[in-house]
Amino acid sequence: MEVALQRLRSLFEAFGGGAYTIGEAMSITQHSAQAAQLARAAGERDAAVVAALFHDVGHLLGFEAGLPAEMDGCGFEAHDSSGGAFLTQLGFEEDVGWLAAQHVRAKRYRVAVDPAYANKLSEASKTTLRFQGGPMSPAEVAACDADPRWPEALRLRSYDEGAKEEEPYKGFSIDAIFEEYMPAIERTFSPKKTTTTTTTRPYVLSAEQLRKWDEDGFLVVRRPDPSLTAERLGEMAEFLATVDREAYPMCLVHRERPLNGGPPQICRVENFCKHEPRWRDLCLGLVQDLVSQVTRRPAVLFKDKINFKGPGGGGFLCHQDATAYATDKLATRHVSALVAVDAATVENGALQISPGRHNEGIFPNDRGVVRDDVDLDFSHVLVDPGDVVLFDSYLPHKSDANTTDTWRRSAFLTFNSADEGDFHEAYYAKKAEVIQQGAISINLDFGGTIVPDE
Ligand SMILES: [Fe+2]
Ligand SMILES: [Fe+2]
């Protein structure tokens, strides 16, 4: 439950405030707290109170995923059903998700059976009604009337409508709200033991995030595990930078000559996730599960590395990872997860990607480097420690050199679909041959200068 609550709390903290509007005068957090308050004051059961509190979580998910605004700036069209499904996935009992998912249908029902009701709606509610299909048809109304749960859904709708007072809850903090409703939350939280895949997830990706992934071929997941602090990740990276080669003979260590001409410095370590416990937990736990969610099938580790981009460390020319993997003839499709150890900035050579260009096959290239005449727009992926960036192996990407005087470290963990097989060992066997020839990767995309391993 801790994990689910943390997820909800951070959604409200990041997107429940004033900057994220759904067309009403009050924030989503204020509106949600008022709806729950009204439900409780009316003597509703826990499931209804919690559903009232989280009924608009779908809007928060839309903002989190960075989807473009919908419904003339009044939030996201599918926020009712997606929010309800999300609550169920997090582990709330079924009625919570179901009730939350009905609040738009309940509006469409009431407008259908009582035309005068439409006039009482807030301006934002009138706007969204147009996008939500307008009044229900007689058949839809009849179906609702036949559902014994429907009266409760209708009552919830009235709390939703009533929760639009700007004043009384001003300054109400997220901590106070969660504390106030914690007993009800605890009583309605019941992850199903049988569906372990959905209820024990370390981080549930929303339908909105999956949609963004499908459209862009990449997805930034902000701090999916709050315990992965900059300090902890820094220690894990430092362990690899100074790895004991005798204790970890399988690790490949690469060094480069920095662009400013200084002495050789470390630029990459590979093949540690299956051997070092902290990296194994992160990689084969949270990260593998995130990849499995975006690909909608179980993923297996293909390769793992950490890039150290020191001061003057080289960038990477524009390439698609798929070019290298095609030469391998191992798995056919891969997804990589960048785990940020340090913050990425334009100056320290952040990853740059070309969103949505992952569905066009392999672009014309010279040994993996996409040719200059291919028209691509790039944007920097600016992340903080603990953020995870998932990206498709066909997504064109590149990065500049690090022009600052500090280090930037990012782990790149690459997976393929488990049904194609486990190639981790085969990959590193092949890699050993490449390294013999003095290159850092199969493609010639590295912009820096590799120093041969002594
Ligand atoms: Fe809503
Ligand atoms: Fe609402």
Quick one: residue 145 ticks every box in (1) within 22 Å of residue 44 (Cα to Cα); (2) touching a residue at least 12 places away in the same chain (Cβ under 8 Å); (3) of a type in the set (D, E, K, R); (4) away from ligand 1 (no atom under 14 Å from the Cβ) except a single one, so which number is it? (2)
Out of (1) in contact (Cβ under 8 Å) with a residue 60 or more places away in the chain; (2) surrounded by fewer than 19 Cβ atoms within 10 Å (Cβ to Cβ); (3) more than 14 Å from ligand 1 (Cβ to nearest atom), the one residue 92 does not meet is (2)
Within the range 204-245, how many residues are touching a Ser or Thr at 6+ places or on another chain (Cβ under 7 Å) and outside any helix (DSSP H, G or I)? 1
Top-ranked residue of the range 352-372 - restricted to ones that are in a loop (DSSP other than H, G, I, E, B) and open to solvent by less than 50 Å² (accessible area, probe 1.4 Å), ranked as farthest from residue 211 (Cα to Cα): 368
Please name all residue pairs, on different chains or six or more residues apart, with Cβ atoms under 8 Å, provided the first residue is in the range 112-131 and is open to solvent by 70 Å² or more (accessible area, probe 1.4 Å) and the second residue is hydrophobic (A, V, I, L, M, F, W, C) and at pLDDT 90 or above. 113/141
Taking only the range 130-185 into account, find how many residues are away from ligand 2 (no atom under 16 Å from the Cβ), within 18 Å of residue 110 (Cβ to Cβ) and among the polar types (S, T, N, Q). 1
Can you find a residue that is over 24 Å from residue 188 (Cα atoms), more than 18 Å from the chain's Cα centre (by Cα) and in the same structural domain as residue 143 (by TED's automatic domain parsing) anywhere in the range 93-103? no
Among the listed residues 330, 338, 317, identify the single one that is open to solvent by 30 Å² or more (accessible area, probe 1.4 Å) and in contact with a Phe, Trp or Tyr (Cβ under 6 Å, 6 or more places away or on another chain). 330
Residue hits (the range 290-308; aliphatic (A, V, I, L, M) and within 30 Å of residue 86 (Cβ to Cβ)) are 290, 291, 294, 299, 300, 301
Which one of these is closer than 17 Å to residue 164 by Cβ, open to solvent by less than 20 Å² (accessible area, probe 1.4 Å) and touching a residue at least 40 places away in the same chain (Cβ under 8 Å): 23, 16? 16
Every residue in the range 236-261 that is surrounded by 13 or more Cβ atoms within 10 Å (Cβ to Cβ) and of a type in the set (Val, Ile, Thr), please. 243, 253
Only one of 405, 384, 375 is closer than 28 Å to residue 332 by Cα, open to solvent by 60 Å² or more (accessible area, probe 1.4 Å) and in a loop (DSSP other than H, G, I, E, B), namely 375
Note: among 284, 233, 210, just one is aliphatic (A, V, I, L, M), modelled with pLDDT of 95 or more and open to solvent by less than 20 Å² (accessible area, probe 1.4 Å), namely 233
Across the range 41-60, the tally of residues that are within 14 Å of ligand 2 (Cβ to nearest atom) and surrounded by fewer than 24 Cβ atoms within 10 Å (Cβ to Cβ) stands at 0
Please tell me if residue 136 is at pLDDT 95 or above and in a loop (DSSP other than H, G, I, E, B). yes
Can you confirm whether residue 84 is open to solvent by less than 20 Å² (accessible area, probe 1.4 Å), in the same structural domain as residue 185 (by TED's automatic domain parsing) and in contact (Cβ under 8 Å) with a residue 60 or more places away in the chain? no
What pairs can you find where one residue is in the range 41-65 and within 12 Å of ligand 1 (Cβ to nearest atom), the other is β-branched (Val, Ile, Thr) and open to solvent by 10 Å² or more (accessible area, probe 1.4 Å), and their Cβ atoms are less than 6 Å apart, with a gap of 6+ or different chains? 59/22
Residues located in the range 72-87, provided they are more than 10 Å from ligand 1 (Cβ to nearest atom) and modelled with pLDDT under 95: 72, 73, 77, 78
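The values are calculated or read from the model by the stated rules, or taken from the named source; none is laboratory data. This is a predicted model, so every value here is computed, not measured. As a convention, Cβ positions derive from the backbone with ideal geometry for all residues, glycine included, and neighbour counts pool all protein chains shown. Ligands, DNA and RNA are excluded from the accessible area calculation, which covers all protein heavy atoms including side chains. Shrake-Rupley method; radii C 1.70, N 1.55, O 1.52, S 1.80 Å.
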